[in-house]
Amino acid sequence: MKVSIFKKKNSGYISAKESSKISRENRRTTDQMEKRLNRKNVDPSEYTTKMRDENNVVEFDNLHTYFFTDIGTVKAVDGVSFDIPKGKTVGVVGESGCGKSVTSLSLMQLVQRPQGQIVEGEIRFNGENQVYDIAKTPIQTMQSIRGNQISMIFQEPMTSLNPVFRIGNQVDEVSEYHHPEMSKEEVKKRTIEMLELVGIANPEGVYNMYPHELSGGMRQRVMIAIALTLSPKLIIADEPTTALDVTIQAQILDLLRNLKDHINSSILLITHDLGVIAEMADYVVVMYSGRVVEKGTVHEVFKNPSHPYTIGLLNSKPMVNKQVERLYSIPGRVPNPIDMPNYCYFRDRCEMCLKKCNGEYPPEYHLSDSHIVSCYRYENKEVKTDE
Ligand SMILES: Nc1ncnc2c1ncn2[C@@H]1O[C@H](COP(=O)(O)OP(=O)(O)O)[C@@H](O)[C@H]1O
Ligand code: SF4
Ligand SMILES: [Mg+2]
């Protein structure tokens, strides 16, 4: 599967000939994968499975999602495992480019195809009547899961709403597509209810408005209404407040928190902002260069941050009561995702290196049942767990 980059003698560039060779190999690989996903009438036994723990709504298990590009394979997600328990919020945090969005897009089967593909691992989703392995679910079946059982709130509501249709019609569309048996009046009633639920004061009026007539915060509320219309089991919120200004951010976060209890869904919350995680999440997953370096309950990770990268992230966050001369920034650069090292990916930036860190990538060490860290510093500090 692995495509190496062919370098011309020390030039650092690849030639057109080499690039077209990679491109041919890529096409061979991705064509096969596409063919599998595009099949119709696949026997469900091929893509249904069992949850490891029935209390989870999603289990990412050793997920690998790669992009087969003309200059080599980008290992955007490279062995990610974590669970999303029912009714809980799991925050995924890490700097830009570490694979947060690709992880969540993999769960929706929305990774840019054909070059983006899940090449290994399982994503188990505890659906209405069965457990799906999303990695193997055919496109046809996926269309009924997406929007219905899993829905997504994107970062920029203006680009997700269609500028030429009225708000009401765009919310109606979701019920119409998934519930063709509903009458026109029922659909409209549901839409108005949803607009009200997300705190829009004049839902009848907003029903007839166009996206450009609303503020950024209102548009994000509409997006949340769309995401909630079908009472999904899981809501994915990818940087839901990054494009909004600070006071509106706080309102939208409040709204999400209140709604979560109301509708009893789980939330996968993706953000580069640890403050948002601290406020919103029950569990946190810290990603670095396509892998999970630390995970645990929010309490565990904030009280006892263990991976040097997590410690760095927390130190680089401004504190209200703490006087600092300069904000700490983690020195060094993230490794190139096409050419990952075979040792700890954080080593070249780590200020706590041990001799062992020159060896292979560190395994996971358990600091408690739920608190897990991939760093050699914890090799002798492991606790016995049930697993
Ligand atoms: N369509 C694509 N083609 C090639 N590489 C991609 C594509 N989308 C994302 N990537 C790469 O995958 C990695 C992870 O990206 P992403 O998940 O978007 O990061 P973030 O953590 O900021 O959400 C990055 O190195 C990015 O360049
Ligand atoms: S394994 Fe070593 S290099 Fe990697 S984060 Fe831990 S101490 Fe640093
Ligand atoms: Mg992203």
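What follows draws every value from the coordinates through simple rules; no lab data is involved. Keep in mind that what you see is a predicted model, and the values were worked out from it rather than measured. Virtual Cβ from ideal backbone geometry, glycine too; neighbours counted across all protein chains shown.
Quick look at the numbers
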| item | result |
| --- | --- |
| Rounded, prolate or oblate (a/c below 1.5 giving rounded, otherwise prolate when a/b exceeds b/c) for the stretch 267-307 by Cα gyration tensor | oblate |
| Relative contact order [Cα under 8 Å, 6+ residues apart], the stretch 288-378, whole percent | 33 |
| As computed over the stretch 224-282, the Cα convex hull volume per residue (Å³) | 80 |
| Where labels lie 7 Å past Cα in the beta-carbon direction, separation of residue 143 and residue 383 in nm | 4.9 |
| DSSP-loop GluC sites (Glu not before Pro) across the stretch 78-157, with at most 13 other Cβ within 10 angstrom | 128 |
| When the convex hull of its Cα atoms is projected in every direction, mean area for the stretch 1-125 (nm²) | 9.4 |
| Kirkwood Rh, Cα atoms: Rg over Rh of the stretch 288-378 | 0.98 |
| Shape of the stretch 128-284, Cα gyration tensor, a/c cut at 1.5 | oblate |
| Helical contribution to [θ] at 222 nm, DSSP H n ≥ 4, -39,500 (n - 2.57), averaged over the chain, rounded to 500 | -9500 deg cm²/dmol |
| Cα-centre dipole for the stretch 288-378 with unit charges at Cβ (Lys and Arg positive, Asp and Glu negative), debye to 20 | 240 |
| Contour minus Cα-Cα distance for residue 204 and residue 181 (0.36 nm per residue) | 6.0 nm |
| Viscosity 1.306 mPa s, temperature 10 °C, Stokes-Einstein D of the chain from Kirkwood C-alpha radius, µm²/s | 70 |
| Over the stretch 159-308, relative contact order from alpha-carbon pairs under 8 Å, at least 6 apart, % | 18 |
| Cβ-defined net charge surrounding residue 148, 15 Å radius [Lys, Arg +1; Asp, Glu -1] | -1 |
| Check: the chain dipole with +1 on Lys, Arg Cβ and -1 on Asp, Glu Cβ, in debye | 1480 |
| Summed side-chain charge close to residue 270 - residues other than residue 270 whose Cβ falls under 9 Å, Lys, Arg +1, Asp, Glu -1 | -1 |
| Computed label-point distance, nm, for sites residue 43 and residue 189 using a 7 Å Cα→Cβ extension | 4.5 |
| For 245, 78, 61, order by how many other beta-carbon atoms lie within 10 Å, fewest first | 245, 61, 78 |
| Compactness relative to 2.2 N^0.38 Å, alpha carbon Rg of the stretch 161-212 | 1.08 |
| Net length gained if the chain between residue 95 and residue 25 were fully extended (0.36 nm per residue, minus Cα distance) | 22.1 nm |
| Over the chain, relative contact order from alpha-carbon pairs under 8 Å, at least 6 apart, % | 17 |
| Likely footprinting exposure, 30, 89, fewest C-beta neighbours within 10 Å first | 30, 89 |
| GluC sites (Glu not before Pro) within the stretch 158-251: DSSP coil, no more than 13 neighbouring Cβ in 10 Å | 181 |
| All-pairs alpha carbon distance profile, the stretch 50-187, 5 Å steps from 0, percent | 2, 8, 16, 19, 19, 15, 12, 7, 3, 1, 0 |
